[in-house]
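K.L.:
Structure below; questions to follow.
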Amino acid sequence: MTAGSQADTDKSAIRNAAAIIVLRDASTTPRVLMGQRGSSAAFMPKKFVFPGGAVDPEDADITLARPLPDPCATRLSEDSDKDLNAALPVTAIRELWEETGLALGIPGTWAGTVPTDWQGYADTGCVPSAHALQFFFRAITPPGRPRRFDARFFVVDASEIIGDPDDFSAACDELSHLQWIPLARAREFDLPFITEVVLAELAAYARNPAPPASVPFFRNDDEESLFLRLRGLAPQADD
């Protein structure tokens, strides 16, 4: 995660974030990629989580080879204060690379100068692409936590990984004990509450890996907590 955004100076500010759920062997024995946060982490210490993190300002400057498909793109725009349809998938792809060393995208050559933070990723012969991502879940961290995020969760099949999905050698040290956890055993681990909710949704998705009818949204505002459904429906014309 790159430091330096204005939100970094205000730890109570809600930051846009993306998490990526990589699903393996969905049709047989579904497994999901997770790792453990450090004991000294300010946010969710020692918890097992999906790779992810806050949007960096530079994420908006990265060009996707292919965009996020519909209906995911329209649902991602719903109830958002600005267009994050490019930045959020980029964040998910970047965080997956940084925290696990796994490259998600398509084979290709970067146009122009490769940003420093993306050089290792580019060396894999891959360019970032959002075509295989599905917008799956959204949740805002409740008030009173040391960090607050408006997190969008994306799901992708492990077959979209470029290279060996078991090779975590290029990962940073932000997550430890990286592993493919069987969905049937995931709740044996120390998980954040919202991760347990996401995993319950994921169990149903693994049996039918198609865009769901709607995307769950846990919106924890300062005034109230709401459970909404993002459908991404186009506005209807008045009769």
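Nothing in this text is a laboratory measurement; each read-out follows from the coordinates by a stated rule. Bear in mind the structure is a predicted one, so any value in this text is a computation, not a measurement. Backbone-built Cβ (ideal geometry, glycine too); neighbour counts: all protein chains shown.
K.L.:
Looking only at the chain, where both bridge partners belong to it, what percent of the DSSP beta bridges are antiparallel (to the nearest 5)?
P.N.:
70 percent
K.L.:
As an exercise, use a Förster radius of 30 Å and the Cβ-Cβ distance of T116 and T74 to find the FRET efficiency, rounded to the nearest 0.05.
P.N.:
Once rounded, the FRET efficiency stands at 0.35.
K.L.:
Under the definition of Cα pairs under 8 Å and six or more residues apart, what whole-number percent is the relative contact order of region 148-239?
P.N.:
It rounds to 13 percent for region 148-239.
K.L.:
Output the peptides 58-66, 87-95 sorted from most to least packed, where packing is the average of other Cβ atoms within 10 Å over each peptide's residues.
P.N.:
87-95, 58-66
K.L.:
Give me the one-decimal nm value for the distance between modelled label points at A65 and A200, 7 Å along each residue's Cα-to-Cβ direction.
P.N.:
Distance between label points: 3.8 nm.
K.L.:
Across region 176-182, in residue order, what do the Karplus-derived ³J(HN,Hα) couplings come to in whole Hz, using 6.51 cos²θ - 1.76 cosθ + 1.60 with θ = phi - 60° and x for Gly and Pro?
P.N.:
For region 176-182, the Karplus-derived couplings read 10, 6, 4, 6, 8, 9, x Hz, x marking Gly and Pro.
K.L.:
Then there's this: Compute the Cα gyration tensor for the chain, then decide on rounded, prolate or oblate, letting a ≥ b ≥ c be the square roots of its eigenvalues: rounded whenever a/c is under 1.5, prolate when a/b is larger than b/c in the other cases, and oblate in all that remain.
P.N.:
Rounded is the answer for the chain, as its axis ratio a/c remains below 1.5.
K.L.:
Got a sec to turn the phi values of region 16-31 into Karplus ³J(HN,Hα) couplings, 6.51 cos²θ - 1.76 cosθ + 1.60 with θ = phi - 60°, whole Hz, x for Gly and Pro?
P.N.:
Result, rounded to whole Hz: 5, 8, 9, 10, 10, 9, 9, 9, 10, 6, 4, 8, 10, 10, x, 10.
K.L.:
Read phi for every residue in region 94-100 and hand back ³J(HN,Hα) as whole Hz from Karplus 6.51 cos²θ - 1.76 cosθ + 1.60, θ = phi - 60°, with x for Gly and Pro.
P.N.:
For region 94-100, the Karplus-derived couplings read 5, 5, 4, 5, 5, 8, 10 Hz, x marking Gly and Pro.
K.L.:
If the chain between R147 and R231 were fully stretched, how many nm would it gain, using 0.36 nm times the residue separation less the Cα-Cα distance?
P.N.:
The R147-R231 span can extend by a further 27.5 nm.
K.L.:
Can you list the residues, at least 5 places off or on another chain, whose amide H is less than 5 Å from the amide H of C126, using H built in the peptide plane?
P.N.:
Excluding prolines and chain starts, which carry no amide H, the hits are G108.
K.L.:
With runs of 4+ DSSP H residues as the only contributors, calculate the mean residue ellipticity of the chain at 222 nm using -39,500 (n - 2.57) per run, divided by the residue total and rounded to the nearest 500.
P.N.:
-4500 deg cm²/dmol
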